[in-house]
Structure formats: C-alpha cells, structure tokens
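**Student:** This structure is in structure tokens; I'll ask about it shortly.
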Amino acid sequence: MKKIVLLVLGLLFLSGWVSAYQVNIDAPDSLTVGKPLIVTGTTTFGVGTPIDVVLYYQLTTTTEIHRNIVYVQSDKTFKSVFDTTDLKKGTYKVEVPANGLGDSINMRVIQLVDREDDIYLVSPLNQSFSGKIYIAGNINGDENAGVQIEVTDTDGLLVFGPQYVNTNNAGNFAADIPISQTGDYDVSFTDARGFIGTRTISVVEQLSPASSSIVTQTTAFPSVSTPFAASEPPQTATPAPSSPILPAASIAVVCFAVALVRIRKNH
C-alpha cells in the first residue's frame, strides 16, 4: 500500500515538475521583409531565467539565422525581436529549443514575403529643405484603397503618422509631410495587405544644380531604356579634284598614238 502511495505521489510530483516548466511562444504567420519579427512568449520559468529564441531558415535543410537570449520578466513573459531587413523571402521558423519543456508550444512557422516592388516613388530621394517633404508614387494593386504613411527622423522619432493617404484609380498618391530640420527621414508604407517597405529621403539645405539634375533622372517614373544614340555615319573622304597634268604613263601612250598616225600618213 505504501509503495502505491509513493508511486502516486511520485507521478504527481513528476507531472507537476514538468508542467511547472512550460514555454509558449507566438509569432505572425506571415511578415513582409524589412519589418521587425516580434516573438512573444509566456513561461512558468522563474523571473530572470534566460531563454534562447532561435530563428531558422527552412529550405531543403534548416539553417540557423540568429539566436537571441531573452529573460523572463516579472509577469512571466518574454519578447524577442529579429531584424528581417537583409533576409530573403521564404519559409522561416522561430523556436525555443525544447529542454524538458513537456507539451509546450515552442515553435512557430513564418512566411517572409517581399513587397518592395509593390511601391514606386516618383518624388526625389534627395530634396532641398522647404519645411516639408514631398512624397509621391504608385502602389501596385491599391487602386482607390489608400496607403498608410509613417515618417521617422534620424533618431527614430515619429515625425508623421501613421496616417492614410488616398490613392486614385491608378494607385497613385501624393502628400506633403511637414518637417522642421534637415536630415534623413525614413518613410514607411503599409496597406490593407500589410507592410510594404521603407524609403529614405535625405533633406539638405540646398541642392546643387548638378545634384538636382541627377535626382530628377533617378527618381522619374520607369521608362523604356533609351537606346544609345545612333552613331554618326562615317565621313567619306572627298576625293581631291583630278590634276590637269597627265601621269607619265598616259603621256607615253599619247605619244605612241601620234607617232603611229604619222607613219600611216607617210605610207
């Protein structure tokens, strides 16, 4: 009887020990390349416990991309953030390696999508300071749907938005964003399908004429490649006018003909 009681107590203790150390994580099912991947979790580990959160790329094999060590907070939660700026689109997974975690949900699969080609700016990426930034462009597939714009300065401080700007029936939009100083500004675009991408606009005191012309050329709407200009037709050398003086060979022939005529007359 005592053995049975001890066995039951042992099983209860074991199940209690296993359930006491669980980790459950959460992450988005899909994310646009360039947007931070935020992984959150809850655990029954003690406050201050270090936890490994690992990002893998999955193709034919699984490759570790980055590993973060985070710590359990006072409310038994933790958070890990991964930068996806330089990652390519595809299938990824985040995981807290299972070390006796029981039935924890410690892995999530994520699809990274690349939407950089969905936006095209026609406004210059380099502008002279005028108290505002001019932003204009086209969003692919967002006709009459609007686009959300958010602007941050060099220090990452929010300057504008997030605020929706209307798009017309061709997906075109335009907006003037008020600013108070020169510098680099990151402009982020989001639509109903999610984050699209970020463009950096540099604002300086005054652009030189040369810089202005370069900006205009590099930020215009895409155009068909201009073929190289047809080369000038080769210049054909104009022959010099014939000399009135006959060459020596021609003179000899003429003399021979005159002599022959004279001989015939004599005969």
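The values are calculated or read from the model by the stated rules, or taken from the named source; none is laboratory data. Predicted, not measured: the structure shown is a model, and the values here were computed from it. With ligands, DNA and RNA removed, areas are computed over all heavy atoms of the protein, side chains included. Shrake-Rupley method; radii C 1.70, N 1.55, O 1.52, S 1.80 Å.
**Student:** Leaving out ligands and nucleic acids, note down the accessible area per residue over region 66-137 with a 1.4 angstrom probe, in whole Å².
**Tutor:** Working: 3960 Å² over 72 residues.
Normalised by residue count, the accessible surface of region 66-137 is 55 Å².
**Student:** List, in order, the whole-Hz ³J(HN,Hα) value for each residue of region 179-189 obtained from phi through the Karplus relation with A = 6.51, B = -1.76, C = 1.60 and θ = phi - 60°; use x for Gly and Pro.
**Tutor:** Result, ordered by residue: 9, 10, 7, 6, x, 9, 10, 8, 10, 9, 10 Hz.
**Student:** When the distances between all Cα atoms of region 170-210 are binned every 10 Å from zero, what whole-number percent does each bin get?
**Tutor:** That works out to 20, 45, 28, 8, in percent per bin.
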